[in-house]
Amino acid sequence: GHVMAARGPQEEQRLGRTRDIEIIRGLWRFVRPYRGLFAVAMALLPATSACMLAQPYIVKLAIDDYIAAGTTDGLGLWAFAFGLAIVGEFLCLYWQHYFTMLVAQKALADMRVTVFDKVQRMESAYFDRNPVGRLVTRITTDVDVINEMFAAGAFTVIMDLITLAGIVAIMLAINLELALVTLVTLPVMAFFVDFFRRKARRNYRLIRERIARINAYLQEAITGMAVVQLFARERQVAREFDQLNGLHRDANHRSNFYEAALFSIVEAMSHISIALILWFGAHLVLGVPAGLSGTLAVGVGFGTLVAFIEYMNKFFIPIRDFATKYAIMQSAITAGERVFDILNAEPAVTSPERPAAVPPARGEIEFDHVSFSYIEGEPVIRDLSFKVSPGEHLAVVGATGSGKTTITKLIGRFYDVDSGRVLVDGVDVRHWPLDELRRRLGVVLQDVFLFSDTVEENIRLWDGSVSDGAIVEA
């Protein structure tokens, strides 16, 4: 955020667009396996738009060619065509939404599994930097926000653009002069829409940051509730949470302000456009000069006036929805940034590309001039050397923070040493395949952790090679 604030608005906008494209490409990676269903959903968009655009034009023809002419012969055919267009719009819209959500559920389920798989492979230092609540937010809340983008029809923005272009083209084809008068409000509206877009974009990123802080704080406070209560810190913790919650609330209020402002401006512009149609169109229908140029264009039928009003009503529907859709899209893009920050992160501790051959199990451990620090410049272990022979027992005794637990973490290569070597059965732990190294070690920690499962599975830990007899014995 500080870096973005230091950049100019043009550079920030360019970087924002680049980031958006990267997020969309990342999402496509999960949609691609279901691209057939997605293609069907996208193909239904223009069909839906065509059915909707046909309706006002059918009304125009019915009024001008039949009702105004005083005849009903053949009017039933146009009534049937109008009904067909309504049914077609309903069916296309229904199946388009159904297929879109089907793809969304499948793709985002895959995304959750992929993110969780990546989190499992990250080194211990990653979890030192990222609180559990923040990671839970990424895998649950942030993915849900992306799902909301599909559910709210954000992808129908494509259909909205097709519809808007179609309405403008039809109106220009029906009556050029009336269309130009009607669309005079568009530049003003475009200015406000763009203004809202730029303001709202920054605010949605702020909202996602603040909800992540809330989740991280909650996870820490609830996990440590016994300590909070022991030291009677409930009021202080409640105040801190209230501050975080207040910041999140304020960001949402600002978002509501932008949405309400855009909605009211679009609503006002729609009424002005309708008024222009009625004023100028009425003069054309009645054959009276409109007062703009003092001359009268070719008169139009009453059906054309009705069609223009209907088209303008339909024109402003997607623009009114833009505020909601854009809000959800920006929230989803911001959530996507956070999800892909995890997916794009590379574990610092991984199995070597060419691991050494796994040596026979002997039970020998050696520290060879090992130095290590969690924070650069603050070493926990300095030039430590010792050797534990097979069958030998070694007790490491020292004050809290002297590095006892760190030694066990270095043996299992949860962290890499700054200098020196840690050898297990004569092989540097950095040359071991990680799964083989950790399978060979048995660690009994001071803090016991139980998974939400049966006692049996907590002993077996989903390892099918552990027999029931061994579990009973344990």
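The values are calculated or read from the model by the stated rules, or taken from the named source; none is laboratory data. Keep in mind that what you see is a predicted model, and the values were worked out from it rather than measured. Because the Cβ atoms are built from the backbone with ideal geometry, glycine has one as well, and the counts that use them run over all protein chains shown. When the accessible area is computed, the model is the full protein with side chains, heavy atoms only, and any ligands, DNA or RNA have been set aside. Shrake-Rupley method; radii C 1.70, N 1.55, O 1.52, S 1.80 Å.
Quick notes
- Residue in region 329-341 that is at pLDDT 85 or above and surrounded by fewer than 16 Cβ atoms within 10 Å (Cβ to Cβ) present: yes
- Among the residues listed as 434, 450, 410, the single one being over 21 Å from residue 372 (Cβ atoms) and within 37 Å of the chain's Cα centre (by Cα): 450
- Subset tally (residues that are assigned to a helix (DSSP H, G or I), without any contact (Cβ under 8 Å) to a residue 40 or more places away in the chain, open to solvent by 40 Å² or more (accessible area, probe 1.4 Å) and not β-branched (Val, Ile, Thr)) for region 66-94: 12
- Pairs, first hydrophobic (A, V, I, L, M, F, W, C) in region 410-427, second assigned to a loop (DSSP other than H, G, I, E, B) and modelled with pLDDT of 90 or more, C-beta under 8 Å, six or more apart: 410/417; 422/413; 423/364; 424/364; 424/432
- When the criteria are applied in full, residue 468 meets the requirement of being loosely packed, with under 10 Cβ neighbours inside 10 Å, among the acidic types (Asp, Glu) and either in contact (Cβ under 8 Å) with a residue 12 or more places away in the chain or more than 22 Å from residue 351 (Cβ to Cβ) (or both).
- Residue that is surrounded by the most Cβ atoms within 10 Å (Cβ to Cβ) [pool: residues in region 409-453 that are among the hydroxyl-bearing types (Ser, Thr, Tyr) and at pLDDT 90 or above]: 415
- Only a single item in (1) within 24 Å of residue 130 (Cβ to Cβ); (2) at pLDDT 90 or above; (3) over 23 Å from the mean Cα position of the chain (by Cα) is not met by residue 245, and it is number (3).
- Residues that are surrounded by 12 or more Cβ atoms within 10 Å (Cβ to Cβ), in contact with an Asp or Glu (Cβ under 6 Å, 6 or more places away or on another chain) and not hydroxyl-bearing (Ser, Thr, Tyr), drawn from region 363-398: 364, 369, 372, 387
- Residue count for region 114-170, restricted to those that are outside any helix (DSSP H, G or I) and either open to solvent by 20 Å² or more (accessible area, probe 1.4 Å) or closer than 30 Å to residue 220 by Cα (or both): 6
- Complete set of residues in region 211-235 that are in a helix (DSSP H, G or I) and open to solvent by 80 Å² or more (accessible area, probe 1.4 Å): 213, 220, 222, 223, 227, 229, 230, 234, 235
- Qualifying residues in region 265-306 (those that are among the small types (Gly, Ala, Ser), farther than 15 Å from residue 183 by Cβ and surrounded by 13 or more Cβ atoms within 10 Å (Cβ to Cβ)) - the one modelled with the lowest pLDDT: 297
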